[in-house]
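Taking it in order: structure first as C-alpha cells, then the write-up.
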Amino acid sequence: MRLMSVTKSTGGVAAINRSLCEQLSARGHAVSVVCLSQGNEAYARALEESGIQTVRMEMERYSIAPLSDLGLVARLLRHVRKERPDLILAHGAKAGLVTRLVGRLTGTPTVYALHSMPFLERVQGRRAFLYRQLERIGARVGGHIVATAHSMREELRRNRIAPASRISMIHTGLDLSGFDRPMDRAAACRALGLEPGRPVVGWAGRLNRQKAPFDFLRVAERVVRAAPGVQVFMAGEGPLESEVRALAAKLDLGGSLIAAPWQSDVPAMLAAFDVYVSTSYWEGLPVAILEAMASGRAVVATAVDGVGEAIEHGVSGFLVEAGDLEALAEQVARLLGDEDLRARVGAAARERVEAAFTIERMIDEWESLLLRQAAGANLA
C-alpha cells in the first residue's frame, strides 16, 4: 500500500502519526507524510531519519483562513496527483476537511483520524456551530472517519456528523519499549532540579485552554498546603505561557514549583514523579496519560471524553470532574500520603496499558482498516 499521511507537526497528534507511519513502513508499506503548520521542519527531519519521505506545507492551524486554506488545497491537490497514493490519511479537523476534498477531486480513498471535537460547544463555544457544519460537509464529501475513543464515536453520531457505517474506533496505542528501561528516580529528580528525598507531583502538556494549566497551578497551591514538602513540576509550552508564569508568581506555592519547557525524554521525566495530574477540559485519548500509566505512575485526571476509557477509577487511577479543584487536590494529597496505594494504582495502570493500549494492537487495527479502505471498502 502507498500511504500518504497529512498531519500537523506538533503535539500528541504528530506523535501518534509518527508511530503509525514508522510501524507501517517497517511492515513494508510505502509511507510518505505531508507535514503541516509550525514545527514542520523539525518534524520532517525526524521522520526522514526513519526513512520516511516528507513534504512540508504551511497551514493556519488555529483559525479558518479562506485564502490560505484554498492555497493548501491547491498545493495538496498537485502533490497527490503527482504521487498517486493508494490512500490518504489525515489527522486533525482542518487537515481532514482539506484532504477529503482533495481525495474527492482525485478519486483517492481517504481516512480522517479524529483526535478532538471542535464541533462541541464545550470545546469551541459559539464557533462550534461553524465547525459542526464543516465536519458535516467533510463527511458528505466522502471518506471514512476513525475516532480514538468510543465517546468520540458517540459524539459524532449524536451530532449527526456521519452515519455509523462510516465511523470506526481505534484506541491510541503506546510503544512500551521506551518505558521498560531501568530508571533511577534519584537521578531523574536531580536532572530536573528536584530533590530526590521529597515527593513530586507532575503535570505536562501544552499551555492552552484545553489542558487547563491554571487549574493545575491552583490545585498545586492546595496540595502544597495539605502536604508540606511536596515538589511541583510543570512542563509545557504554548500560547498561555506568560499568563501561566504570572499566575504561578502570584500563588502561594512556597517556592516548590519548577516550571520547565517540554521534556524530550518523557520516560525519564515521569520517573521522577510520584503522582501525575491531568486537568484537561476535553481530550481524545491522551498519549500523555497513557505514558504516565506505562511508567507506573499514580494518575489523577479529569473524567473527560476518552480518559475514562483508559483509567478505571479507583483501580488504575482516579477520575475527577473537570474544574473541580478541591476534588483534584484531595485525591492528589491522598495519594501522596499513602505509598502503598500509589504503588497499587501505579502497577494496575501499567497492567492496563499492557492489556489494552499497546502500539502493536493499534497498528494491527489501523493496517487492517487502511487496507480495506484502499481496496475500496465502505467508501461513500
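The values are calculated or read from the model by the stated rules, or taken from the named source; none is laboratory data. All figures in this text were calculated on a predicted structure; none of them were measured in a lab. Neighbour counts are summed over all protein chains in view; Cβ atoms, including those assigned to glycine, are modelled from backbone coordinates with ideal geometry. Ligands, DNA and RNA are stripped out before the accessible areas are found, and what is left, the full protein with its side chains, is counted by its heavy atoms. Shrake-Rupley method; radii C 1.70, N 1.55, O 1.52, S 1.80 Å.
From the phi of every residue in the stretch 159-166, what ³J(HN,Hα) in whole Hz does the Karplus formula 6.51 cos²θ - 1.76 cosθ + 1.60 yield, where θ is phi - 60° and glycine or proline is x?
Result, rounded to whole Hz: 8, 6, 6, 7, x, 4, 5, 10.
Under the definition of Cα pairs under 8 Å and six or more residues apart, what whole-number percent is the relative contact order of the chain?
Details: 728 pairs, mean separation 56.6, N = 380.
RCO, the chain: 15 percent.
Not counting ligands, DNA or RNA, and with a 1.4 Å probe, what is ASP340's accessible surface area in Å² rounded to the nearest 10?
100
Two-decimal Rg/Rh of the stretch 71-215 from alpha-carbon positions, Kirkwood Rh?
Rounded to two decimals, Rg/Rh equals 1.12.
Test of understanding: in a Gaussian network model of the chain with alpha carbons linked when under 10 Å, which of ARG100, ARG136, ARG225 would top the mean-square fluctuation ranking?
Result: ARG225 has the largest fluctuation of those listed.
Counting helices only, and only those DSSP H runs with n ≥ 4, report the 222 nm mean residue ellipticity of the chain as the sum of -39,500 (n - 2.57) divided by its residues, in deg cm²/dmol to the nearest 500.
Numbers: 16 runs with 180 residues, N = 380.
For the chain, the value works out to -14500 deg cm²/dmol.
Need one value: the accessible area of GLU360 in square angstrom, 1.4 angstrom probe, rounded to the nearest 10.
About 110 Å², ignoring ligands and nucleic acids.
Within a Cβ distance under 11 Å of PHE119, other residues only, what is the Lys/Arg minus Asp/Glu net charge?
Here the charged neighbours net out to +3.
From the gyration tensor of the Cα coordinates in the stretch 17-124, what semi-axes in whole Å does the equivalent ellipsoid have, largest first, with each one equal to sqrt(5λ)?
Semi-axes (√(5λ), whole Å): 22, 17, 15.
Can you work out the Karplus-derived ³J(HN,Hα) for every residue in the stretch 300-310? Use 6.51 cos²θ - 1.76 cosθ + 1.60 with θ = phi - 60°, whole Hz, and x for glycine or proline.
Running phi through 6.51 cos²θ - 1.76 cosθ + 1.60 with θ = phi - 60° gives 10, 9, 6, 7, 10, 6, x, 4, x, 7, 8 Hz.
How large is the accessible surface of TYR276 in square angstrom, using a 1.4 angstrom probe and rounding to the nearest 10?
10
Please compute the contact order of the stretch 8-126 in relative form: average sequence separation of alpha-carbon pairs under 8 Å and at least six residues apart, divided by the residue count, as a percent.
Relative contact order, the stretch 8-126: 20 percent.
Starting at the first residue of the stretch 200-205, write each ³J(HN,Hα) from the Karplus equation 6.51 cos²θ - 1.76 cosθ + 1.60 with θ = phi - 60°, in whole Hz, x for Gly and Pro.
Computed from phi, the couplings for the stretch 200-205 are 10, 10, x, 9, 8, x Hz.
Select from ILE258, ILE170, ILE289 the residue whose mean-square fluctuation is largest in a Gaussian network model of the chain (Cα-Cα springs shorter than 10 Å).
The residue with the greatest mean-square fluctuation here is ILE258.
If I histogram all Cα-Cα distances within the stretch 327-380 using bins 5 Å wide from 0, what percent of pairs lands in each bin?
That works out to 4, 16, 13, 12, 11, 10, 8, 8, 7, 7, 4, 0, in percent per bin.
Which value, in Å to one decimal place, does the Kirkwood hydrodynamic radius take for the chain when every pair of different Cα atoms is included?
Computed over Cα pairs of the chain, the Kirkwood hydrodynamic radius comes out at 21.5 Å.
For helix 241-250, what angle does its Cα long axis make with the longest principal axis of the chain, in degrees from 0 to 90 and rounded to 10?
Approximately 20 degrees, to the nearest ten.
Using only Cα atoms, tell me the angle between helix 93-106 and the longest principal axis of the chain; keep it within 0 to 90° and round to the nearest 10.
20
Measuring from centroid to centroid over Cα atoms, what is the spacing of the stretch 327-360 and the stretch 115-138 in Å?
Centre-to-centre distance over Cα atoms comes out at 33 Å.
Could you work out which residue, out of ALA298, ALA149, ALA259, moves most in a Gaussian network model of the chain, that is, has the largest mean-square fluctuation with Cα springs under 10 Å?
ALA259
To the nearest 10 degrees, how steep is helix 359-374 against the longest Cα principal axis of the chain, on a 0 to 90 scale?
With rounding to tens, the tilt is 20 degrees.
Can you give me the long-range amide H partners of HIS144? Hydrogens built in the peptide plane at 1.01 Å from N, cutoff under 5 Å, separation of 5 or more residues or another chain.
THR110, VAL111, TYR112
Would you work out the charge dipole size for the chain about its Cα centre, treating the Cβ of every Lys and Arg as +1 and the Cβ of every Asp and Glu as -1, and quote it to the nearest 20 debye?
Once rounded to the nearest 20, the dipole reads 1600 debye.
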